[in-house]
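Structure, as structure tokens:
The values are calculated or read from the model by the stated rules, or taken from the named source; none is laboratory data. Fair warning: this is a prediction, and the values are worked out from it, not measured in the lab. Cβ sites come from the backbone with ideal geometry, for glycine too, and all protein chains shown count toward neighbours. Side chains are part of the model used for accessible areas, which takes the heavy atoms of the whole protein and leaves out ligands, DNA and RNA. Shrake-Rupley method; radii C 1.70, N 1.55, O 1.52, S 1.80 Å.
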Amino acid sequence: MQKITTFLWFDGQAEEAAEFYISLFKDSRVLDVTPGPAGTAMVVTFELAGQRFIALNGGPEFKFTEAVSLYVDCDSQEEVDELWAKLTEGGEESQCGWLKDRYGLSWQIIPTRLQELLGDPDPERAQRAMKAMLGMRKIDVRGLEDAADG
């Protein structure tokens, strides 16, 4: 059992959001739905790629902000593209790989290659990759590599 679990506050869409999120990642599932007084879901416990989350239908009192985001380490541009398309549907793009989904939750959809380029032992190469990343919404690996190569 995981010791620390991310707890997400929704305004009535906890079960819908959990179902949407599990559709995006392999090895994901709803673990439990606890009904509230009206018979609708009050608490939804789910796993995304083996990571446990709890979603609460807590009402409109609190909203998500960019101060907390879910970071997804992507193995390929195809994975970035697929997640970006699905998560921005009904949501909004930001910059540098950040987006908000249709529920207002912030995500960072980041290819592993970005970290490799930013950590390049050649500081000029890393700086060129950083400058390119700062001009992107969805991260484009080919664009990063081209920029790093000068």
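Data for the structure
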item	result
Carbon + sulfur, % of accessible area of the chain - ligands and nucleic acids excluded, 1.4 Å	50
Diffusion constant of the range 45-86 at 25 °C, which comes from Stokes-Einstein with the Kirkwood Cα-pair radius and 0.890 mPa s, µm²/s	189
Nonlocal amide H pairs with M42, under 5 Å, H built at 1.01 Å	T34, G36
Using θ = phi - 60° and Karplus 6.51 cos²θ - 1.76 cosθ + 1.60, couplings along the range 31-48 (whole Hz; Gly, Pro as x)	9, 6, 10, 9, x, x, x, 8, x, 8, 4, 9, 10, 10, 9, 8, 10, 10
Longest site-free stretch - the chain; sites: chymotrypsin sites (Phe, Trp or Tyr not before Pro), DSSP loop, at most 15 other Cβ within 10 Å	63-150
Stokes-Einstein D in µm²/s, Kirkwood radius over Cα pairs - the range 57-150 at 37 °C with 0.692 mPa s viscosity	236
Gain upon complete extension [Q127, D27; 0.36 nm per residue less C-alpha separation]	32.4 nm
FRET efficiency for E16 and D73, using Cβ-Cβ distance with R0 set to 35 Å, rounded to 0.05	0.85
Listed residues A18, A67, A49, most fluctuating in the chain (Gaussian network, C-alpha, under 10 Å)	A67
Added length on full extension, which subtracts the Cα-Cα distance from 0.36 nm per residue, E92 to T65	8.4 nm
Kirkwood-Stokes translational diffusion coefficient of the range 1-106, alpha-carbon pairs, 20 °C, 1.002 mPa s, µm²/s	148
Hz values of 3J(HN,Hα) by residue in the range 96-104 - Karplus curve (6.51, -1.76, 1.60), Gly and Pro given as x	6, x, 9, 8, 10, 7, 4, 9, x
Whole-number accessible area per residue in Å² for the range 27-76, which is evaluated in the context of all protein chains at 1.4 Å	60
